[in-house]
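Reviewing the structure listed below.
Only the coordinates and a few stated rules stand behind these numbers; no lab work does. Keep in mind that this is a model prediction, so the values were computed, not measured. Every residue, glycine as well, gets a Cβ built from its backbone with ideal geometry; the counts of neighbours run over all protein chains shown.
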Amino acid sequence: MSVYELAEACGTSPATVSRFARALGYGGYKEFQLDLAGDLAQADAITLDDLPAGSAPEVIVRQVFGCNRQSLIDTEKSLDLAALVQAARLIKEARRVLLIGIGESARVAEVGAQRLLTLGLDAAALTDPYDQIFATASVGRGHVVIGISHTGQTAHVVEAVRAAREQGARTVALTNYPRSPLAEAAEFRLITAFHERRISAAVSSSRIAQECIIDSLYFIVASWTGKGKALADAAERRVQKMIRYKEGKRNK
């Protein structure tokens with residue numbers, strides 16, 4: 001619910017709702033809303049404990065798909081559109097974009113960099129802690145650094161984003177927790193609402209919601225540049241040519 005919808009439902013004013021959120025220690029209603037959405041998401045999470053041994057395959061499939069589907073719905077509802085648009089604007093105007101992630105988030109960083117490269121932007125994914133240190137040591141005005149971490153507590157990512165911001169780079173956090181160290185270190189925050197209680201690289205699927213946000217940024221920037229389709233078509237022709245070349249070699 002927007003601040004206006006909640007105020008109407010409570011029979012009060014939007015200003016009173018905003019004051020209530022600040023009295024709880026939040027910067028405003030949006031921050032309170034994001035934190036609440038995150039807590040509710042964790043409460044409804046599905047884990048292996050919810051699936052007794054011998055559960056029917058159709059039950060497992062229904063719960064897994066339902067959990068992921070709800071997470072995407074919750075993320076879309078609570079996403080700060082203004083922050084998303086501002087991040088897209090920064091990316092479009094950047095001299096270089098660095099996407100930083102480790103583990104599952106590294107895959108999201110790599111996908112994001114590939115997307116931006118297809119738009120003719122200078123983008124790179126940094127997935128090694130040492131690369132993150134050296135690359136962010138020389139950033140400054142004109143650079144955009146996007147830190148990706150489900151928990152928002154990955155030390156290397158947090159430190160890289162914090163250092164980049166201190167040196168004048170524009171910074172964006174992509175995380176599930178709006179009051180995490182990463183969210184606080186970055187200038188802009190893009191928050192997912194993935195349903196997950198346990199943090200495990202083996203079972204984590206937080207990248208589903210993260211990649212939806214990355215794709216949203218990609219398509220927004222592409223719509224502004226006006227050259228996204230031409231570059232994507234050119235890349236598609238090259239890929240198709242490579243596939244035909246490999247098929248031809250196999251058939252010889």
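Quick notes on this one:
- Of GLY103, VAL144, ALA82, farthest towards positive along the dipole that unit charges on Lys, Arg, Asp, Glu beta carbons give the stretch 76-175: ALA82
- Cross-link pairs exceeding 18 Å in C-alpha to C-alpha distance, out of LYS92/LYS229; LYS92/LYS227; LYS77/LYS229, comprise LYS77/LYS229.
- Mean-position separation - Cα centroids, the stretch 1-24 and the stretch 47-120, in angstrom: 30 Å
- Span-like helix criteria (full DSSP H runs; alpha carbon extent of at least 27 Å along the helix axis; mean Kyte-Doolittle hydropathy of at least -0.5) are satisfied in the chain by 57-78.
- Angstrom value of the Kirkwood radius, inverse mean 1/r, which spans all Cα pairs in the chain: 19.8 Å
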